[in-house]
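Working notes for the structure below.
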Amino acid sequence: MKVVVANSHVGMQATELLKYDGQEIIISGAVHKVRKLGALLFIVIRTGKSLIQCTLVLQHLSIPAETYQEGNYVTITGICHKEENAPNGAEIELKSIKVLSQPAVKLPFSIGGRNLGINLDTNLDYRPISLRHIKQRAIFSIQSSIVQLFLEGLGAIDFVKIHTPKLVFAGAEGGANVFKVDYFDRVMFLAQSPQFYKQMMVGVFGKVMEVGPVFRAESHETSRHLNEYTSMDIEMGPIDSFEDIMDVETYILNYIFDRLPSLCPSELEVLKVNVPKVGDIPVMKMAQVLEIVSKEHKVRDSGDLDAKSEQIISQYVYDNTGSEFLFVTHYPTAKRPMYAMEDPIDPTVTLSFDLLFRGLEVTTGGQRIHNYEMQVEKMKRLGYNPVNFSSYLQIHRYGMPPHGGFGLGLERLTMQLLGLGSIKEASLFPRTISRIFP
């Protein structure tokens, strides 16, 4: 009889089992769940990405219970069989179990059930354990596929992947929401975005992309904010208008959501995810949005949309167009960063946009200033000293094409796609004003 050994570094996928019907197989993984049914014992083994069902006839084989307790890491040997009622149509009839390691103490909660059954704080306090649950793992398998498709789709249209510093000389967004860091004999900051550097790299490659951490020292703690999150960024030039940037985001969202079901079908199924059809994304100016929203909600800040406003306008667009996405454009100049290009027709607004997805902003983007005199004038007008930005201003001084880009929040996109109650659930190890462990 041929013996198939799953590579311990790669892992046996449950979907592969049918290929080995009737053969002896050896796999390694964790005991995920144990269930007794009469004289039959079902032991589910968790490998890198799969759950594999094994059966043990208790009267035929004497294996001590401590061998297959939940949380053990084991190597099992058995015969693979087709079984319609088993996950993926196959299971392993156990012949032996070898224990590789055992927990020092009992797990704080079971991770083998259909639902985790604990509150969010407990989930996050015991994150190394709770992430082993099938639904928690599914969140981050899907998130991994989103990043993979983001880079793949942009690479297909000649974007170059870059890696920019996260210790920076100045906050790209301005204001006080930056983390200061002692850096030898000077003060530096954790990057609020890769903004300055991705602009610089447009002058090198024309079209660049990055997926990396960004930091915001904001003191509020809500279900939609993190102090460290992952931003999926692009920057590109030359462009004809900021609409070119929105076209690229529309393209990449279609690319991601058209292909996501084929990359992680079981994960989408276990979380009951409704993957959106993106198509063409509606566009509305900020002034028009405020006019619609104000009919049922008091808008306190005409320069930005609060959570309620985002939900109202998103529902309005869905009811009238069927789209779950909306580009909101022409945000006020006073509310956008110093590098935002002002509308030449109306300088009180910028050639910028946000993207709303199912009632939440997930992207901010727009056209940047590329003219040296214009950038220096705006810096001075907003109270910045251009001398402090001399290295950044090199791109303007020595020539830049019209350009722009966007930052797409990975955790927010994940949260909205999966219908999670808090953005913390979409972060492996969330960082907020009150949470710094584990």
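The listed peptides 43-51, 373-381, ordered by packing as a protection proxy, come out as 43-51, 373-381 (highest mean of other Cβ atoms within 10 Å first). Approximating the spin labels as points 7 Å out from Cα along Cα→Cβ, the LEU40-to-ARG259 distance works out to 4.1 nm. Histogrammed with a bin width of 5 Å, the alpha carbon distances of region 68-206 distribute as 2, 7, 9, 9, 11, 12, 12, 10, 9, 7, 6, 4, 1, 0 percent, first bin at zero. A straight chain from TYR73 to GLU221 at 0.36 nm per residue would run longer than the Cα-Cα distance by 49.5 nm.
Given their separation in residues at 0.36 nm each and the Cα-Cα distance between them, SER101 and ARG114 gain 2.2 nm when the chain is fully extended. Just the Cα atoms of the chain, one point each, no solvent: what log10 I(q)/I(0) does Debye give at q = 0.09, 0.10 Å⁻¹? The calculated log intensity ratios at q = 0.09, 0.10 Å⁻¹ are -0.69, -0.81. The modelled label-to-label distance for the pair TYR183/ASP240, using points 7 Å beyond Cα in the direction of Cβ, is 4.0 nm. Take the Cα of GLU373, step 7 Å toward its Cβ, do the same at LEU58, and the gap between the two points is 8.8 nm. Enclosing the Cα atoms of region 214-359 in their convex hull gives a volume equal to 158 cubic angstrom per residue. Binning the alpha carbon pair distances of region 384-428 at 5 angstrom intervals from zero yields the distribution 5, 18, 15, 9, 10, 7, 11, 16, 10, 1, expressed in whole percent.
So for the chain: antiparallel DSSP bridges make up what percent, rounded to the nearest 5? Each step should come with its number before you reach the end.
Values: 72 of 82 bridges.
So the antiparallel bridges amount to about 90 percent of the total.
You can think of it this way: the chain between PHE429 and VAL275 has 52.9 nm of extra reach, that is 0.36 nm per residue less the Cα-Cα gap.
Placing R0 at 56 angstrom, the Cβ-Cβ distance between ALA65 and ASN320 gives a FRET efficiency of 0.40 after rounding to 0.05. Summed over the residues of region 289-438 and divided among them, the accessible surface reaches 44 Å² per residue at a probe radius of 1.4 Å. Pairs spanning more than 26 Å between alpha-carbon atoms, out of LYS166/LYS285; LYS106/LYS135; LYS298/LYS380; LYS49/LYS272; LYS272/LYS424; LYS49/LYS207: LYS166/LYS285; LYS298/LYS380; LYS49/LYS207. Helical content of the chain, expressed as a calculated mean residue ellipticity at 222 nm, amounts to -8500 deg cm²/dmol (DSSP H runs of 4 or more residues, -39,500 (n - 2.57) each, divided by residue number, nearest 500). Surface composition of the chain: carbon and sulfur atoms hold 52% of the protein heavy-atom accessible area at a 1.4 Å probe. Rounded to the nearest 0.05, the FRET efficiency derived from the C-beta distance between LYS380 and VAL160 at R0 = 41 Å is 0.80.
Sorted largest first, the principal axis extents computed over the alpha-carbon atoms of region 334-416 equal 41, 28, 25 Å.
Quick one: which of 101-112, 403-414, 237-248 comes out on top by average Cβ neighbours within 10 Å, and what's the full order, highest first? Present the calculation step by step, with values, prior to reporting the outcome.
Values: 101-112: 13.3, 403-414: 24.2, 237-248: 18.2.
Per-residue mean Cβ counts within 10 Å order the peptides as 403-414, 237-248, 101-112.
Just order 15-27, 325-337 by mean Cβ neighbour count inside 10 Å, highest at the front, would you? Don't skip to the end; give the middle numbers.
Values: 15-27: 17.1, 325-337: 20.2.
Final packing ranking: 325-337, 15-27.
The values are calculated or read from the model by the stated rules, or taken from the named source; none is laboratory data. All values derive from a computational prediction rather than experimental measurement. Don't worry about glycine lacking a Cβ; one is built from the backbone with ideal geometry, like all the others, and counts go over all protein chains shown. Only protein heavy atoms, including side chains, enter the accessible area calculation; ligands, DNA and RNA are left aside. Shrake-Rupley method; radii C 1.70, N 1.55, O 1.52, S 1.80 Å.
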